[in-house]
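Here the structure is laid out as C-alpha cells; the discussion comes afterwards.
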C-alpha cells in the first residue's frame, strides 16, 4: 500500500541520516565539507518523505 511505501522510504532516509552522522562521528576529518553536504541532502530527503506521507493521509486521520 501507499502507506507501507512511505514507511519504508522514511526508514531508509532515517537510516541514511544515521549512517552519515555516525561516519562523521567516527571519522571527523574525513571529507568534512562533503559529509556536511550529504547530511543536509539526506535530511532534506527525510523531510520531503515525511511531508508527502502526511499529505497522503486522509483528513480524518489527522485530527481535523
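What follows draws every value from the coordinates through simple rules; no lab data is involved. Just so it is clear, the structure is predicted and the values come from calculations on it, not from any experiment. Quick reminder, even Gly has a Cβ in these numbers, built from the backbone with ideal geometry, and neighbours come from all protein chains shown.
Defining a contact as two alpha carbons under 8 Å apart and six or more residues distant in sequence, what relative contact order in percent does the chain show?
Working: 24 pairs, mean separation 28.7, N = 64.
The normalised contact order for the chain reaches 45 percent.
Give the label of the value calculated from the structure for semi-axes √(5λ) of the Cα gyration tensor in Å, choosing from (1) 31, 11, 8; (2) 38, 11, 5; (3) 32, 13, 12. Of the labelled values, this structure produces (1). Rounded to the nearest 10 degrees, the angle from helix 32-56 to the longest Cα principal axis of the chain is 0 degrees. Counting 0.36 nm for each residue step from residue 47 to residue 3 and taking away their Cα separation leaves a gain of 14.2 nm. Compared with the dominant Cα axis of the chain, that is its longest principal axis, helix 2-26 is turned about 20°. Annotation for residue 30 and residue 56: the two label points, set 7 Å from Cα along the Cα-Cβ direction, are 3.2 nm apart.
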